[in-house]
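The values are calculated or read from the model by the stated rules, or taken from the named source; none is laboratory data. Here the structure is a predicted model, which means the values were calculated and not measured. Cβ: placed from backbone, ideal geometry, glycine included. Neighbour counts: every protein chain shown. Heads up: the accessible areas ignore ligands, DNA and RNA and are worked out on the full protein's heavy atoms, side chains in. Shrake-Rupley method; radii C 1.70, N 1.55, O 1.52, S 1.80 Å.
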Amino acid sequence: MLISQRQIPPTTKATFGNELFAASPGVAIELMNAINAWATLEAKVEGIFGHLTEGDPSAMAAFKDLLGWDRRAKALGEKVAAVRPELQDHVAGLLNHVKEAADLRNEIAHSLWGVDQDGQMLISPSDMYGRVSVHASGENADAEMPEFISTLFRDGRMVGMAEATAARQAIEAAEGLMHAAWLGFFSPERDETGASFEDLINSLKTHPGIAERALNRARWRAREEKSKAKAGRSNLDAGFDLG
């Protein structure tokens, strides 16, 4: 799992359910701050989309109805390409980079959380109970259940303050980049000092994780355009073939 690499020992006495975060309030606060940072990031994404569509109500409603980061990122990337094509590679690089934070947020929000006998927080894939149910319906399930449960633990992880803090920092960093994009590229107005936000724009264009992805996107787009142009010439030549 993304949040931690510390496997849960098979001998762990784990409890999954509600009201378990009281065992580790510090971890709970860090994870809540991570979720809040992601919510702020998504709000900035909606702000960018609203700017590009000039606040068109139907376009905004359709965008809000999109479920999942991948769908929203695709819609935003397409809108940027149509309205601000000079920014499409940089924005594509940004959205691709932020995907890592999106996956981390989904893991925090949609996994099962538990606690061990010592108060250590545990995280397990959300399909844990479904997998147990499927196994329990098979032959020799009772005899094999302890071994099967140990395989579930191998898919889960132990999460302490260090991992929770790192997760929060990673998502906050992604939110900071989206904030820079919102102000630098798409802010509907400048502040009273006349600042151009060039520092924010440069921070995005030179960010290693974004710049490399933007360059790869530009190269891919160039190949696609070349391929389409070649196909168009072939079709044109075929149209003038009089036999």
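Among Asp155, Asp116, the sequence by solvent-accessible area, most first, with a 1.4 Å probe is Asp155, Asp116.
The Cα-based radius of gyration and maximum Cα-Cα distance (Dmax) for segment 21-61 are 15.8, 47 Å. Can you pick out the pairs among Lys205/Lys230; Lys44/Lys205; Lys99/Lys205; Lys44/Lys228; Lys79/Lys99 whose Cα atoms lie more than 25 Å from each other? Checking Cα-Cα distances, Lys205/Lys230; Lys44/Lys228 exceed 25 Å.
Phi angles of segment 176-181 translate, via the Karplus equation with coefficients 6.51, -1.76, 1.60 and θ = phi - 60°, into HN-Hα couplings of x, 5, 5, 4, 5, 5 Hz per residue; Gly and Pro are given as x. Taking all protein chains together and a 1.4 Å probe, the residues Asp127, Asp89, Asp118 rank Asp118, Asp127, Asp89 from largest to smallest accessible area. Probing with 1.4 Å while keeping every protein chain in the model, the per residue accessible area of segment 89-129 equals 39 Å².
Spacing of the modelled spin labels on Arg71 and Lys230, each 7 Å from Cα toward Cβ, amounts to 3.6 nm. Peptides 204-213, 219-228, 91-100 ranked from most to least packed by the mean count of surrounding Cβ atoms within 10 Å: 91-100, 204-213, 219-228.
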